[in-house]
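Read through the structure below, which is laid out as structure tokens, and then see the notes.
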Amino acid sequence: MKKNILLISFLCIFGIVINQETILQKTNLAKSYIEAELYEDAIVVYKNILNFQKKILGSENIELENTLFTISDLYLLENKFDSSKIYLNKALKIQYYNFIINQKRYLGTYNKLKSIYILENDSTKINELDSLINILEDIENDSTYINLDTLFNYPSIITNTPTEIDSTALVSEYTKNDQAIEFINSAESYINTGLYTESIRAFNSAIELNAGIIDLNYLLNINYGDSAQINNLYHNFQSINDYDSTITRENIFLGILSDKLNKPKTEIINYLKKYIDTFPNDKKGFSYLGNIFFELEDYLSSMHYFHRLLLIDDDDFNANYNLGRLLIQLNDYSNAIPLFNKTYELDSNHFESKHYLGYCYYNTMEYKKAINEFTHALLLDSKNAETYYYLGKSYIAIDKNKQALEALSMSIKLDPFNGNAHFELGKIYEQILKINLAIDEYRLAYKYIDNHELNYIYGKILYREQKYRKALLPLRKFIIFEPENTEILEILGEIFLKEKRFTESIDTYNRLIEKFPDNEFYYSNIAISYYELNNFLAAKKYYQKVLTFNEENTEILFKLGSISNLLYDYKKSEEYLLESIYCGFTSKEILFELGIAYGGQKKYLQALLSLKEALKYSLEDPVLHYQLGIIYNEMGIFDLAIDEFIQYIDQDENDPISFRLLGDCYAQLNEFEQSIIYYRKALELYNYEDIKTIYNLGLSYFEISDNINAAKYFKSILKINYDYSKAHHMLVQTYLNLGKFREAKKECDILFMLDTSLYNSLDYCIN
């Protein structure tokens, strides 16, 4: 029997271990999917993890909370808002089931829900959640107890609803005061069981009998969703106040209920001030006023009322705690420390006191004390990601990287979307030269936070990885806040160049020139940008500026020569290029451009010499052969031009101009059969739309007396441009050869209107 029990226990434990290992594997797989932005795949894996967790831990275990949040976030990334809300609500139910009494947990969840409704533009839900969030924040500020059913509108876990109170039956048995007390007791009983409708009914009955016995805590914990009932209470109190202005206790209730009904803060404050004027020793009014002004971010007024409260009771927990929080808001960490020490003395289980003590010591650079306080805080709440985060930062401050790594890793484990923790972890990895791990953490951090320093670091990482387009966003965010940062401006200028965003490149380098007007590199990059924008005049201007820094800069002289050729300033191009050669720089490119410059000036022999010299660097360069063909063609040496053009098209069979030029050369040699071959090829590459090629092809057919094909091509020109007079001129002659005299006469009439000189050149037309 014992053996069987032991075996069963072993198998259970072994099964849990296996499942945990499985979950870890699946988690790593899901993270890889998230990294690759394959969110649907990640969702499938996390749902599988959720099922595993339910089998191991049970379907209502609080440990399921983080997995549900992760699935919700992933659905949000997919813009599947309804699915995201479903999993948030599942998390809320688990919080409810486990009687979580930390309102921050609920605040986090409800804020997540609110962000979804913001994306959906659902103003009704946003307002409802704002109201609920305000209650939660009030609960935090006032340290009143949390009744779970006051936080959200889930069905009560109590199934047996008590019957409604019958006030008329009680009247005969008790005095009014006794009856009122009975109603209050019943109301509080209903609160504790989550039956708010019944509670409010009982409370209203109590008010009618004796408004003076009302419990403040009840008002603070009224179900916020039942605005109609709250409004009823408000009007009951207002009626009492209006009936007898000397009754002042109602003012605090009117103030609280006004807050619950989202009435103007001035109205709330007015009621509460009236109350404390009458009851200057009652802590409740000062506490609530302090909270109201805290909410309004009027920290000095808030501080005033909490100080007034401390004059009444220096051991008041809420006053000490909220004053501490106020001082943190004002960055007065030193004076906040004794306040949190006080709250911890009053409540040794108060996690927030220890956390804030650590936070204050961290900000006063007392890092060892901070570590001590954060460590104590974690004994009270071992699953607080923020505390682990600041514990890690404290260890960083004293150069204890190992401990910092452990703390930050734990923070991320508890909150994988903590971008700040990823960022700090990345800096540690970079410091200990684990660069790949650092990059991974920076990449994760960038997904979740927008941090100035991170934008700088991550932008440079992407730049070094040559992911220029991705680098632009963080670097441009960074430069907004540091517009004079030369390093980043230079990187941005380079990226804009590489990404062919030339206008932005020009703007960036002009900003740099304002700071450093003597930097020739900036002028050179502006020139490159203008060149790529085909603004050759502007490019030439900036290259000339670069030349003022060094008149013997052979590279710039070459570029100026090349640009001058593009601007048809062949004489100036010759000067720049020869100057570059005189400075000791000769290259195929210079000789090529020099050949073009000579050719443009009709210095054909010099052009040939320059291009032939360039060929020594590369005999197979097709562009050189093409340019030689151009020169030979201009010189009328058509057979040599043909040789050069053929060498060119052997390397590039898709250039229509070279085929047309070949056709021209053969036509000049009266080898019309050959010219037709090359014209037809050129026309095919031109998609049958180049008039010059069509015309020359028609002429070649005309020269070999193929008048039918000649007429075909001349007529095809007119479909593109009917006013092309040379086509009409040749059609007259072609039609005459074909004996189509009527058509020829018609073309004469058209030619007379278009070009009288061509008309007069034809005897047939003028006779």
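Okay, residues lined up against (1) crowded, with 17+ Cβ neighbours inside 10 Å; (2) in contact (Cβ under 8 Å) with a residue 12 or more places away in the chain; (3) under 20 Å from A36 (Cα atoms):
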{"site": "A438", "(1), (2), (3)": "yes, yes, yes"}
{"site": "N455", "(1), (2), (3)": "yes, yes, no"}
{"site": "T486", "(1), (2), (3)": "no, yes, no"}
{"site": "K500", "(1), (2), (3)": "no, yes, no"}
Checklist entry - Among L88, L92, which is modelled with pLDDT of 75 or more, within 27 Å of the chain's Cα centre (by Cα) and buried (at least 19 other Cβ atoms within 10 Å of the Cβ)? => result L88
Checklist entry - What number of residues within the range 638-673 are assigned to a helix (DSSP H, G or I) and either crowded, with 19+ Cβ neighbours inside 10 Å or not acidic (D, E) (or both)? => result 25
Next on the checklist: Among the listed residues I528, I590, identify the single one that is part of a helix (DSSP H, G or I) and closer than 19 Å to Y626 by Cβ.
Outcome noted: I590
Checklist entry - Which one is farthest from L624 (Cα to Cα), of the residues in the range 571-587 that are part of a loop (DSSP other than H, G, I, E, B) and not hydroxyl-bearing (S, T, Y)? => result C583
Next on the checklist: Quick check on the range 535-561: of everything there that is more than 22 Å from T503 (Cα to Cα) and polar (S, T, N, Q), which residue is surrounded by the fewest Cβ atoms within 10 Å (Cβ to Cβ)?
Outcome noted: T548
Item to check | the range 723-767, residues that are of a type in the set (D, E, K, R) and either assigned to a helix (DSSP H, G or I) or touching a residue at least 24 places away in the same chain (Cβ under 8 Å) (or both) | outcome: D723, K726, R742, E743, K745, K746, E747, D749, D755, D763
Next on the checklist: One residue is enough: does the range 561-569 have a residue meeting the conditions without any contact (Cβ under 8 Å) to a residue 24 or more places away in the chain and either in a helix (DSSP H, G or I) or under 43 Å from the mean Cα position of the chain (by Cα) (or both)?
Outcome noted: no
Next on the checklist: Based on this model, can you work out whether E37 counts as modelled with pLDDT under 85, assigned to a loop (DSSP other than H, G, I, E, B) and farther than 30 Å from H355 by Cα?
Outcome noted: yes
Checklist outcome for this item: Picked from the range 49-82 (must be among the polar types (S, T, N, Q) and exposed (fewer than 15 other Cβ atoms within 10 Å of the Cβ)), the residue farthest from T27 (Cα to Cα) is N79
Item to check | Filtered residue count, the range 360-410, keeping only those that are among the acidic types (D, E), assigned to a helix (DSSP H, G or I) and either on the phi > 0 side of the Ramachandran plot or surrounded by 23 or more Cβ atoms within 10 Å (Cβ to Cβ) (or both) | outcome: 1
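The values are calculated or read from the model by the stated rules, or taken from the named source; none is laboratory data. Being a predicted model, the structure only gives us computed values, none of them experimental. Virtual Cβ from ideal backbone geometry, glycine too; neighbours counted across all protein chains shown.
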